[in-house]
Amino acid sequence: MKTKIILDSTSDIPESWLEKYDIEIVPLHINWISGESEPDDTRNEKELKKFYEKLLSAQELPKTSQPSIVQFQNAYMRAIEEGYEGILVLTISTKISGTYNSALLASQEFDIPIKVIDTRMASSIISNMARYARELLDAGLDLEEVEKKIIDARKNKKFHAIFFVSDFNSLVKGGRVSRFSGFVGNLLKIKVGIYINDEGELIPFDKVRGYKKAYNMILTKMEEEGVKIGKKIGLTGIHCNGGEHVDEMYKLIKERYQVVYFDKSSTGKVISTHVGIGMAGFGIEILE
């Protein structure tokens, strides 16, 4: 079966992966409180750089909103018109966004098989999951088998999202994470570690001062989450105007793990709004 994979734009997928793994993106929306127009989420690096500059100087954060049912219906229709016989949709966690509901409701209007999965994840780790899904599809598994494999893999901790933020208040203001006692991150050079738990929630786990300690914080959390040293892993580095921090952490990771694949991407407008400038981390797939 010829199957299209569709993600929402919070997947922050490396741009080259769109063609490589035959993936389409349905964008979320950005709305400035001032009423200033803002193009939808994008993978265009130049446009993202401009958006980062606007975030740095903004008095208030913009609002973000999920794609409409019609947007997903249009994406499904395009896939059908292009000859696809099935569609697999991977969305951001329902604990963070209502995107899954739009995708699911839209799927009910079509006769071809459409599987919509709440990944219980966010940002670049969804790209790792899409890569895995394409690998399964290419191996000849049908949509139902792929759906089960992805859900089982998620439950069995094959996928991890671990990162740090330099502006913890952005997450708090956006309502995507609670202000846990002891996790006030607005002090100079404080980096707050965040991971996504089994329920798809953003959870602060530690705070440190300075980047070198932040790098070690991420590596320590990888081990705590079951990414044991020496394992074969795949990585998508993710950052919000902080690619150098991904590069530095990657050097340390290569000393500890067998990295089978690695790519790097910038956060899109929606994720950037919530994590703030200076975020850096990884989507991690355990390959053995």
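Residues that are of a type in the set (A, V, I, L, M) and within 14 Å of the chain's Cα centre (by Cα) occur in the range 94-107; there is at least one.
Quick check, is I162 open to solvent by less than 20 Å² (accessible area, probe 1.4 Å) and at pLDDT 95 or above? Yes, satisfied. Checked across the range 166-182, the condition of being at pLDDT 95 or above and closer than 27 Å to V259 by Cβ holds for no residue. For P204, the conditions (1) more than 27 Å from L18 (Cβ to Cβ); (2) in a loop (DSSP other than H, G, I, E, B) are fulfilled apart from (2).
Would you pick out the residues in the range 251-279 that are small (G, A, S) and within 23 Å of P27 (Cβ to Cβ)?
S265, S266, G268, S272, G276
Based on this model, can you work out whether A103 counts as part of a helix (DSSP H, G or I), closer than 17 Å to E285 by Cβ, out of contact with any Lys or Arg (no Cβ under 9 Å at 6 or more places or on another chain) and small (G, A, S)?
Values: part of a helix (DSSP H, G or I): yes; closer than 17 Å to E285 by Cβ: no; out of contact with any Lys or Arg (no Cβ under 9 Å at 6 or more places or on another chain): yes; small (G, A, S): yes.
When the stated conditions are applied, A103 does not pass them.
Among the residues of the range 77-106 satisfying the criterion of being without any contact (Cβ under 8 Å) to a residue 60 or more places away in the chain and open to solvent by less than 30 Å² (accessible area, probe 1.4 Å), which is nearest to L143 (Cα to Cα)? Per the stated criteria, the residue is A106. Scanning the range 94-145 for residues being more than 18 Å from K4 (Cα to Cα) and basic (K, R) gives a total of 2. Whether any residue in the range 34-46 is without any contact (Cβ under 8 Å) to a residue 12 or more places away in the chain, more than 21 Å from T91 (Cα to Cα) and not in a loop (DSSP other than H, G, I, E, B) is what I want to check. Yes, that holds for at least one residue. Checking each residue of the range 276-286 against the condition of being assigned to a helix (DSSP H, G or I) and over 16 Å from the mean Cα position of the chain (by Cα) gives no match. Against the numbered list (1) in contact with a strand residue (DSSP E or B) (Cβ under 7 Å, 6 or more places away or on another chain); (2) of a type outside the set (K, R); (3) crowded, with 20+ Cβ neighbours inside 10 Å, Q66 comes up short only at (1).
The values are calculated or read from the model by the stated rules, or taken from the named source; none is laboratory data. Predicted, not measured: the structure shown is a model, and the values here were computed from it. Please note: Cβ atoms are built from the backbone with ideal geometry, for glycine as well, and neighbour counts cover all protein chains shown. When the accessible area is computed, the model is the full protein with side chains, heavy atoms only, and any ligands, DNA or RNA have been set aside. Shrake-Rupley method; radii C 1.70, N 1.55, O 1.52, S 1.80 Å.
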